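Participant: Input: one structure, supplied below.
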Amino acid sequence: MITLRLSLMMFLQFFIWGGWFVTLGTYLSNTLQANGGQIGMAFSTQSWGAIIAPFIIGLIADRFFNAEKILGILHIVGAVLMFFMYQADSFSSFYPYVLAYMIAYMPTLALVNSVSFGQMDDPSKQFGKVRVWGTVGWIVAGLMISYAFSWDSAQSIADGMLKNTFLLCSIASLALGIFSFTLPNTPPQASGQKVTLRDILGLDALALLKDKNFFVFFLSSVLICIPLAFYYQNANPFLTEIGVENATGKMTLGQVSEVLFMLALPIFLNRFGIKATLVIGMAAWVIRYTLFAFGNADEGLFMLIVGIALHGICYDFFFVSGQIYTNAKAGENIKSAAQGLITLATYGVGMLVGFAVAGAITDTYTLDGGSHSWQQVWLFPAGFAAVVLVVFALLFKKRKGKRRCIILQEENFFKVWRLLAQVC
């Protein structure tokens, strides 16, 4: 019964995110007539949320209140903010609400994990079975938008129907907020402990940057977030604009791919090592954006589908394997700090810069009438990712005499699955 309740929690958690974030760029450009810079501002609220979230978790959730209660409050607040986003009729009125919403939502990603771990006897074996329902929730949201409601069809977009995604997610957020108060008690883990700003930001892990390989990896992680931002911000508007039907539903193939390649990742790391895995992950970004640049909605549709399906390699082979690499490099006393630092640097700073760049490039190649020269837009992140790939491949040195893969250094294989589930 507990597993079922936790699975429902995860389903709603990511149903909410997937139900509006994927089509956000399309909605803003078509319904609110936002330009690329404004769309970049809206997407960058995710980064601001990621930057602020550690303070909410470290200073409040981990010290004073039960995780399930804070989860419930944040989702109820989120439901109200999402309803205001649904009612907004201009970008200037929309932006404050989306900013406030992401500041409220991003901490809940850690809170659902805390609630889950608090109810499990062996999280390393049990958590993956619960977390996968989050991915299912994201997929179901996309399929509903495209195939159940057809809100992303050309006519529906012209009629402003995409605004209904915010109403749908507002209802789901309210449901999860109320449901959260019925979840088992999850008391604060650091009650009475002193928590410093240095702890929250993971600054103790800065010592890892003295290692040349880790510094190269760290810098590459931040830089590769710029191409990543292009996908989140532009993929759905691009597919919709060039006439791909049910674009949101088709994009759920990326989440299916993510699950499949997550299963393959530990095996691949064991066999080929961390450098080869990271290189393949970055190379997938180059290939994906090149396919987007030259694909179309007719005979080139297969190129777009392949580009979407590469999401599993793009994300798992670089970002997830990077989290595993960070976990292996950090000492026992700074593992959490190291994960916090890499998350702050990538989803915080890296993505913040990435969304700004994506917005500027999109505006640069906006044509008369509001359409875009998408080939030029996509060639920029393809080229940028290629440069990061070359620099990483040249500077990241494979350590001789260390054939044991980082996966095998874990106490057991299931700990890897727990880490994978936490960061995906």
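The values are calculated or read from the model by the stated rules, or taken from the named source; none is laboratory data. This one's a predicted model, so the numbers in the text were calculated from it and none came from an experiment. So basically every Cβ, Gly included, is an ideal-geometry build from the backbone, and we count neighbours across all protein chains shown. Accessible surface areas use protein heavy atoms only, side chains included; no ligands, DNA or RNA. Shrake-Rupley method; radii C 1.70, N 1.55, O 1.52, S 1.80 Å.
Participant: I'd like the full set of residues that are in contact with a Phe, Trp or Tyr (Cβ under 9 Å, 6 or more places away or on another chain) and open to solvent by 30 Å² or more (accessible area, probe 1.4 Å), limited to segment 251-261.
Facilitator: Matches in segment 251-261: 261 only.
Participant: Condition (residue is small (Gly, Ala, Ser) and buried (at least 23 other Cβ atoms within 10 Å of the Cβ)) applied to segment 264-282: is it met by at least one residue?
Facilitator: So far as segment 264-282 goes, yes, one or more of its residues are small (Gly, Ala, Ser) and buried (at least 23 other Cβ atoms within 10 Å of the Cβ).
Participant: Let me ask you something else. For segment 11-26, give me each residue that is farther than 14 Å from residue 238 by Cβ and either open to solvent by less than 10 Å² (accessible area, probe 1.4 Å) or not hydrophobic (A, V, I, L, M, F, W, C) (or both).
Facilitator: 13, 16, 18, 19, 20, 21
Residue by residue, here is whether (1) at positive phi; (2) more than 15 Å from the chain's Cα centre (by Cα); (3) modelled with pLDDT of 95 or more holds:
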residue: 297; (1), (2), (3): no, yes, yes
residue: 301; (1), (2), (3): no, yes, yes
residue: 304; (1), (2), (3): no, yes, yes
residue: 315; (1), (2), (3): no, no, no
residue: 329; (1), (2), (3): no, yes, no
residue: 337; (1), (2), (3): no, yes, no
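Participant: Can you tell me which residue in segment 175-212 is least open to solvent (accessible area, probe 1.4 Å), limited to those that are among the basic types (Lys, Arg) and modelled with pLDDT under 80?
Facilitator: 198
Participant: Whether any residue in segment 137-153 is open to solvent by 20 Å² or more (accessible area, probe 1.4 Å), without any contact (Cβ under 8 Å) to a residue 24 or more places away in the chain and closer than 27 Å to residue 41 by Cβ is what I want to check.
Facilitator: Looking through segment 137-153, none of the residues is open to solvent by 20 Å² or more (accessible area, probe 1.4 Å), without any contact (Cβ under 8 Å) to a residue 24 or more places away in the chain and closer than 27 Å to residue 41 by Cβ.
Participant: Moving on. Looking at segment 305-320, can you tell me whether even one residue there is under 24 Å from residue 241 (Cβ atoms), part of a helix (DSSP H, G or I) and of a type in the set (Gly, Ala, Ser)?
Facilitator: Yes; the residues of segment 305-320 include at least one that is under 24 Å from residue 241 (Cβ atoms), part of a helix (DSSP H, G or I) and of a type in the set (Gly, Ala, Ser).
Participant: Mind listing just one residue for me: the one in segment 340-352 that is open to solvent by less than 30 Å² (accessible area, probe 1.4 Å) and β-branched (Val, Ile, Thr) and, of those, farthest from residue 290 (Cα to Cα)?
Facilitator: So the residue we want is 342.
Participant: Next up: If you go through segment 86-95, how many residues are crowded, with 17+ Cβ neighbours inside 10 Å and over 21 Å from the mean Cα position of the chain (by Cα)?
Facilitator: Residues flagged as crowded, with 17+ Cβ neighbours inside 10 Å and over 21 Å from the mean Cα position of the chain (by Cα) within segment 86-95 amount to 4.
Participant: Here is a follow-up. Being over 20 Å from residue 314 (Cβ atoms) and among the small types (Gly, Ala, Ser) is the filter; apply it to segment 353-394 and report the residue that is most open to solvent (accessible area, probe 1.4 Å).
Facilitator: 369
Participant: Of the conditions (1) within 22 Å of residue 237 (Cβ to Cβ); (2) charged (D, E, K, R); (3) surrounded by fewer than 23 Cβ atoms within 10 Å (Cβ to Cβ), residue 288 clears all except one; give me its number.
Facilitator: Condition not satisfied by residue 288: (3).
Participant: Now a separate question. With the structure loaded, tell me whether residue 160 is surrounded by fewer than 17 Cβ atoms within 10 Å (Cβ to Cβ), touching a residue at least 60 places away in the same chain (Cβ under 8 Å) and in contact with a Ser or Thr (Cβ under 6 Å, 6 or more places away or on another chain) or whether it fails that test.
Facilitator: Spelling it out, residue 160 is indeed surrounded by fewer than 17 Cβ atoms within 10 Å (Cβ to Cβ), touching a residue at least 60 places away in the same chain (Cβ under 8 Å) and in contact with a Ser or Thr (Cβ under 6 Å, 6 or more places away or on another chain).
Participant: Mind listing just one residue for me: the one in segment 96-122 that is touching a Ser or Thr at 6+ places or on another chain (Cβ under 8 Å) and open to solvent by 20 Å² or more (accessible area, probe 1.4 Å) and, of those, nearest to residue 162 (Cα to Cα)?
Facilitator: Here the answer is 99.
Participant: Let me ask something additional. When you go through (1) more than 18 Å from the chain's Cα centre (by Cα); (2) closer than 21 Å to residue 218 by Cα; (3) not hydrophobic (A, V, I, L, M, F, W, C) one by one for residue 281, which number turns out not to apply?
Facilitator: The single condition residue 281 does not satisfy is (1).
Participant: Right, here's the next one. Consider residue 60 carefully, then state whether it is over 28 Å from residue 153 (Cβ atoms), in contact with a helix residue (DSSP H, G or I) (Cβ under 8 Å, 6 or more places away or on another chain) and free of Cβ contacts under 8 Å to residues at least 24 places away in the same chain.
Facilitator: So residue 60 fits the description; yes.
Participant: Report, by residue number, each residue of segment 211-269 that is without any contact (Cβ under 8 Å) to a residue 12 or more places away in the chain and farther than 17 Å from residue 322 by Cβ.
Facilitator: 263, 267
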